[in-house]
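Read through the structure below, which is laid out as structure tokens, and then see the notes.
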Amino acid sequence: MTQRRSDPGSKKVDDEDDVPEWVDQVMATVAAEVRRRRKELGWSAQDLADKCEEIGHPIPRNVIANMESGRRSNLPLVDVIVLAEALSTPPICLVYPVGYVDDVQRLPLQHPTTSLDALRRFTGEETDLGMDDDMLRYFRAHHAAEERLRKARRDEDHARYHAETAPNADRKAEALRSQARAAETADDAASSLRRIRAFIREEGVAPPSLWPDVATAIDSSGNDPETTEENDL
């Protein structure tokens, strides 16, 4: 039984007669979303079972059928991961189907919240997570800085090409200005990336692997990045 198309807070968790058991509720939401996505793809339960087997973690057709009908008494996390892969969706979207289930009970004995809020809490996107979540913040900032650096370098190369092949002085000047702006952005992103990697190392953790096109420049830098300020992370 899923909570579908209802207003957040419309049910009280202390009304035990009106609220399903939390574990059953979570399983029912996942099962309903698996069924919805399966039918959206035009697949039978056997088709989905075959896809799971291709992935390397077989989930028999009868197990899928029992899950969708509510007859299955458990739902292992590994099954959720494989089912999501088979259905081409992130696993979190089976647990919190944003847009298809309006409100969910994120934990037992709690009031319902929106699916989006529950998903953001699950993935650590909320801003009030606390100091223990610094490493997640560092790694997300690292990814963003690396992507910004790679894009700026591509923009710089593109502008350089246009400067070299410009048909007239005005177009060349415009391309050179674009190249300078991209180079400045790349330098800022590289500095941020070095600083973030220093923060991570200070915590005794190995920073993420870098893309080959930026690794040499970042790791070979002789600069000692300042790690006393984290406002830009």
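Things to note:
- Amide H contacts under 5 Å for D103, placed H, 5+ residues apart: R5, S6, S115
- Sites D24 and D50 - FRET efficiency at Förster radius 25 Å, r taken between beta-carbons, to 0.05: 0.35
- Farthest positive-ward along the stretch 16-109 dipole, Cα basis, beta-carbon charges - from A32, Q46, V98: Q46
- Full-extension gain in nm, A217 to T165, via 0.36 nm per residue minus C-alpha separation: 16.0 nm
- Within the stretch 61-183: Cβ-based charge dipole about Cα centre, in debye rounded to nearest 20 (Lys, Arg +1; Asp, Glu -1): 400 debye
- Table column - 3J(HN,Hα) (Hz), the stretch 108-121, Karplus curve with 6.51, -1.76, 1.60, x for Gly and Pro: x, 6, 10, 5, x, 9, 5, 4, 5, 5, 5, 5, 5, 5
- At R0 = 22 Å, FRET efficiency that the Cβ-Cβ distance of E40 and V98 yields, to 0.05: 0.90
- Projected area averaged over orientations for the stretch 44-101, convex hull of C-alpha atoms, nm²: 4.0 nm²
- Under the Karplus curve 6.51 cos²θ - 1.76 cosθ + 1.60, θ = phi - 60°, whole-Hz ³J(HN,Hα) for the stretch 44-53, x wherever Gly or Pro sits: 8, 4, 5, 4, 5, 4, 5, 5, 4, 5
- Distance (nanometres) between label positions extended 7 Å along Cα→Cβ at N62 and F122: 2.9 nm
All of the numbers you see were taken from the coordinates with simple rules; none came from a lab. Note that the coordinates shown come from a computational prediction; the quantities given were computed from them, not determined experimentally. Don't worry about glycine lacking a Cβ; one is built from the backbone with ideal geometry, like all the others, and counts go over all protein chains shown.
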